[in-house]
Amino acid sequence: MRRNNLEGIEEFEAASSQSFVPLRIRIPREGGLHASLAAVTIDGVVISRIAATPCRVHRDVHTIGSTDRELLKIALHRRGRAGIEQDGRRGSLHPGDLVAYDTTRPYDLRHWDDFETFVIGIPRSRLGLNAELIGRRSASPLPAGPGVGPVVSACIAGLGAGIEEVSPAAGVHLADALVSLIISAFTDASPSRTEANSDLADRILAYCMANLADPALSVGFVARRHGISVRYLQKLLNRREVSLAAWIRRERLHRIHRDLSDPSLVNRTTREIAARWGILDATHLSRTLKAEFGRTAQEIRRAARP
């Protein structure tokens with residue numbers, strides 16, 4: 001990532017808005033603003049490192065536009081006293097904390113000291129139903145401690161330091177792994193933050209996401225794995241207007257599409273790639289891909305050639 005040194009509100013506001021979505025930045029009356037911002041976008045995921053003197057960053061109804069990207073932002077706070085507010089929730093940020101906030105709704109970030117933070121911007125469409133899982137925990141920091149959180153933090157910090165050395169093909173897989181880790185971290189958070197049924201639905205979807213490669217993954221298998229009936233599982237997910245079988249199918253197809261588009265996997269057959277994501281019978285796969293993406297497997301590969 002190439003770091004840009006920025007002086008004053010206008011430069012910092014413009015660079016931040018260009019990297020993510022339109023934002024407003026304010027500073028204390030005394031003194032100016034000095035900042036640095038480095039950002040790179042990999043397969044639609046924005047990875048950035050931001051450092052600056054004290055300021056307030058906010059997004060309100062006047063800055064939210066219908067053409068803005070719909071992102072969930074995940075921040076790894078590294079230095080300085082800070083606070084965040086969204087959807088009526090307020091949180092204090094300490095070094096090592098992870099926190100999520102949604103660019104489709106107003107939010108307010110206040111930095112009272114010089115600060116450093118890594119910010120990941122993930123398209124809501126890429127997260128699917130997990131966007132709601134994470135969104136319900138917006139402005140509720142996940143402190144450093146046991147669980148998946150420290151793994152996610154180390155991954156974010158490592159990517160921020162060495163992303164320039166990663167090839168484009170490897171970057172796609174790293175971005176995918178990072179998104180999966182972030183989903184796991186917020187699923188692993190204390191269930192007391194959400195209602196029990198909602199938490200169970202979150203855990204079911206996260207479990208399915210982590211086990212898409214298992215050919216045995218099915219509605220019945222998932223219900224047994226979580227000690228509930230198929231009927232109750234369907235009832236849980238019906239509240240979100242989700243058919244689990246259709247969701248599993250769609251997520252698998254998206255990963256097959258991604259791998260077919262990956263030049264480093266050109267020597268893998270379509271059947272091998274499908275099996276990698278739990279689909280052992282690829283008889284009708286090209287037709288299914290055509291219905292989902294408008295292209296057959298062969299056409300997807302052809303379009304990805306240099």
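The values are calculated or read from the model by the stated rules, or taken from the named source; none is laboratory data. This is a predicted model, so every value here is computed, not measured. When we count neighbours, we look across all protein chains shown, and the Cβ atoms used for this are built from the backbone with ideal geometry, even at glycine.
Quick check on this structure: which one of 250, 305 is more than 22 Å from residue 170 (Cβ to Cβ), among the basic types (Lys, Arg) and exposed (fewer than 15 other Cβ atoms within 10 Å of the Cβ)?
Numbers: 305 fails: more than 22 Å from residue 170 (Cβ to Cβ).
The match here is 250.
Take residue 260 and tell me if it is buried (at least 17 other Cβ atoms within 10 Å of the Cβ) and over 15 Å from residue 133 (Cα atoms). Break it down stepwise before answering.
On the way: buried (at least 17 other Cβ atoms within 10 Å of the Cβ): yes; over 15 Å from residue 133 (Cα atoms): yes.
Here the answer is yes, as residue 260 does meet what is asked.
How about the range 229-240: which of its residues are out of contact with any His (no Cβ under 9 Å at 6 or more places or on another chain) and touching a residue at least 24 places away in the same chain (Cβ under 8 Å)?
So in the range 229-240, the residues out of contact with any His (no Cβ under 9 Å at 6 or more places or on another chain) come out as 229-232, 234-240.
Correct list: 236, 237, 239, 240.
Provide a single number: the residues in the range 210-232 that are within 20 Å of residue 187 (Cα to Cα) and either among the small types (Gly, Ala, Ser) or outside the structural domain of residue 272 (by TED's automatic domain parsing) (or both).
4
Can you pull out every residue in the range 100-150 that is farther than 13 Å from residue 186 by Cβ and assigned to a helix (DSSP H, G or I)?
124, 125, 126, 150, listed by residue number.
Do any residues in the range 241-261 that are outside the structural domain of residue 299 (by TED's automatic domain parsing) have Cβ atoms under 8 Å from those of residues that are part of a helix (DSSP H, G or I) and at pLDDT below 90, where the two are at least six apart or on different chains, and which pairs are they?
Listed pairs, sorted by first residue: none to list.
Mind counting the residues in the range 45-73 that are within 21 Å of residue 4 (Cα to Cα) and either part of a loop (DSSP other than H, G, I, E, B) or in contact (Cβ under 8 Å) with a residue 60 or more places away in the chain (or both)?
Count: 10.
Is it the case that residue 25 is surrounded by 15 or more Cβ atoms within 10 Å (Cβ to Cβ) and touching a Leu at 6+ places or on another chain (Cβ under 7 Å)? Working first, answer last.
Values: surrounded by 15 or more Cβ atoms within 10 Å (Cβ to Cβ): yes; touching a Leu at 6+ places or on another chain (Cβ under 7 Å): no.
Here the answer is no, as residue 25 does not meet what is asked.
Which number in (1) farther than 22 Å from residue 171 by Cβ; (2) under 21 Å from the mean Cα position of the chain (by Cα) marks the one condition that residue 229 misses?
(2)
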